[in-house]
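Bear in mind that the values in this text are calculations on the coordinates, not laboratory data. Quantities reported herein were computed from a predicted structural model and do not represent experimental measurements. Here the Cβ positions follow ideal geometry from the backbone for every residue, glycine too, while neighbour counts run over all protein chains shown.
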Amino acid sequence: IGAFHRGPYIFFSGLVGTASWLSLWLFPLGKVLGTVFLTLASASIASPDVMIDAQIAEHCQRRPLYAADLQTLCWGSMALGGLLSCSVVGYLQDKWHARAVFGLTSLTALVVTVPAALGWLGERKLPERLAWKPKWDQLRSQWALIALAVLVAVCATFLGIFASLSKSEAVAGGCTVGVGFVVCAAVYVVLGRHSKAMAKAACYIFLMGAVQPTIGSAMFYWYTESDQGPQFTPEFIGAADCV
């Protein structure tokens, strides 16, 4: 877009995220529209994240001497932002409402557009003869990776819909594990063509996140809403997350 690889996409993602969070804040949406806007909001976070990771990887390759410092700066910034959000979100949710948090998040989504609009990414504009030239050869050479990305997206969508419609937790859990292993096999086959080490690492990370049991949702329900739990307030939970 506009002869740039990343800046316009990050700017557009920030606008989509701002509109999504504002809609969740201002309007009483139903289940369908709420799901749509939450999906758009998540996509507006994931898209810039991937592009910024790619930008960081490029800088690390160009200046390997500063790679560790750059990673420290990135993770330190994320930790600082996490501390600030934990200290504020719990108070807002306790004193006002969860929708007030959506209003605050719309401001953070809007901030994402500033670096892209001001050109802080350091991108160089492509020549006009290359700006709009489709890279069909590159797409053909990466068709397997594109198909793998589509497969993962389709499986994730299918599992989400199936889990919400299934009345049996055992069936839903078994389906999740089965689909997870199928996707893992596809990841290993596709990435294994490029690097066996990368394929094994990707499969390990995927299985760790897809198959490993987690009790985060159950714990959150227990210590906030269950009659048998401590019934912590959102403000207390935010303070505990900071610690």
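Answer yes if at least one residue in segment 12-19 is aromatic (Phe, Trp, Tyr) and either farther than 16 Å from Thr108 by Cα or in contact (Cβ under 8 Å) with a residue 24 or more places away in the chain (or both), and no otherwise. The answer is no, given that none of the residues of segment 12-19 is aromatic (Phe, Trp, Tyr) and either farther than 16 Å from Thr108 by Cα or in contact (Cβ under 8 Å) with a residue 24 or more places away in the chain (or both).
Against the list (1) over 15 Å from the mean Cα position of the chain (by Cα); (2) in a helix (DSSP H, G or I), the condition His5 fails is (2). Please tell me if Ala218 is surrounded by 11 or more Cβ atoms within 10 Å (Cβ to Cβ) and free of Cβ contacts under 8 Å to residues at least 60 places away in the same chain. When the stated conditions are applied, Ala218 does not pass them. Taken over segment 183-232, the criterion of being of a type in the set (A, V, I, L, M, F, W, C) and in a loop (DSSP other than H, G, I, E, B) is satisfied by Val211, Ile215, Phe232. One residue stands out in segment 151-182 among those that are of a type in the set (S, T, N, Q) and not in a helix (DSSP H, G or I): the one that is surrounded by the fewest Cβ atoms within 10 Å (Cβ to Cβ), namely Ser168.
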